[in-house]
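Trainee: Following this message is one structure expressed as structure tokens.
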Amino acid sequence: MKKSVLVPLFAAMFLAACGQSPIKPANAADKAATAPAPNGIQLPADYADWRLIAPAYRSDKQHVRAILGNDTAIRAARAGNTQPWPDGSILAKLVWKEAPHEKWPTAMEAGQFVHVEIMVKDAKRHAETGGWGYARWVGKDLKPYGKDAAFVAECHGCHMPVQDADFVFTKPVKLP
Ligand code: HEC
């Protein structure tokens, strides 16, 4: 075998011996250990690798947000098939405090992490809340939000103004 083949091979073997596959998805192992929400919903281990549905900004809270979707949600968003979103769709909203860039203060970056929250579509299982299961994890240590499963009333109640959009505020961005 040529040296050019052996070097990457040994590097891969070394990483494997350390328990780290070189193609492991970002953060997967850490997120698998996250405690479930009080209603039993788990934070999907690969959520950080999902694709963008839309960015968002809350001017009252000075928060920047990214709304991501799993493969089912992205397919539905691209096809305009969101009335209703199909079962299996998961939307994730990642929230940070805005922070001015140190070299360009009017450029707002994602600063301190606030929370990640998800909506999981399963029309039968979550029939009482419009077909969506809600869950939120707060802060860097991803602490599950809510004293008990009743916390979803707060989520669903605030999503009522967009009942006609299948309870989803975010409009998938249109790409040229
Ligand atoms: C005070 C009102 C309010 C409450 C309470 C609320 N939301 Fe939302 N939610 C919004 C608004 C407004 C948006 C639109 C995007 C944004 O916030 O920038 C949104 C967006 C989302 C999204 C992205 C999909 C969408 O609808 O646009 C998810 C996921 C989400 N919320 C989950 C939750 C969960 C889980 C809870 C409860 C733990 C919750 N929300 C509670 C107002 C609320």
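The values are calculated or read from the model by the stated rules, or taken from the named source; none is laboratory data. Note that this is a predicted model, so its numbers are computed, not measured. Neighbour counts run over all protein chains shown; Cβ positions are idealised from the backbone, glycine included.
Trainee: When residues of segment 73-104 are filtered for being more than 16 Å from residue 116 (Cβ to Cβ), surrounded by 15 or more Cβ atoms within 10 Å (Cβ to Cβ) and touching a residue at least 24 places away in the same chain (Cβ under 8 Å), how many remain?
Mentor: 7
Trainee: Further question: Condition test on residue 165, is it over 22 Å from residue 47 (Cα atoms), surrounded by 12 or more Cβ atoms within 10 Å (Cβ to Cβ), of a type in the set (A, V, I, L, M, F, W, C) and more than 12 Å from the ligand (Cβ to nearest atom)?
Mentor: Judged against the criteria, residue 165 is not a match.
Trainee: Could I ask something else about it? Are there any pairs, at least 6 apart or on different chains, whose C-beta atoms fall under 9 Å, with the first in segment 150-176 and closer than 15 Å to residue 76 by Cα and in a helix (DSSP H, G or I) and the second near the ligand (Cβ under 10 Å from one of its atoms) and at pLDDT 95 or above, and if so, which?
Mentor: 165/171
Trainee: Within segment 128-153, track down each residue that is surrounded by fewer than 14 Cβ atoms within 10 Å (Cβ to Cβ) and farther than 20 Å from residue 42 by Cβ.
Mentor: 153
Trainee: Just to be sure I understand, how many residues within segment 43-58 are of a type outside the set (A, V, I, L, M) and near the ligand (Cβ under 10 Å from one of its atoms)?
Mentor: Number of matching residues: 3.
Trainee: Give the number of residues within segment 62-107 that are part of a loop (DSSP other than H, G, I, E, B), of a type outside the set (Gly, Ala, Ser) and either away from the ligand (no atom under 16 Å from the Cβ) or at negative phi (or both).
Mentor: Of the residues in that region, 10 qualify.
Trainee: Now for a different question. Only one residue in 114, 120 is within 24 Å of residue 161 (Cβ to Cβ), free of Cβ contacts under 8 Å to residues at least 60 places away in the same chain and of a type in the set (Val, Ile, Thr), so which one is that?
Mentor: From the options 114, 120, the qualifying one is 114.
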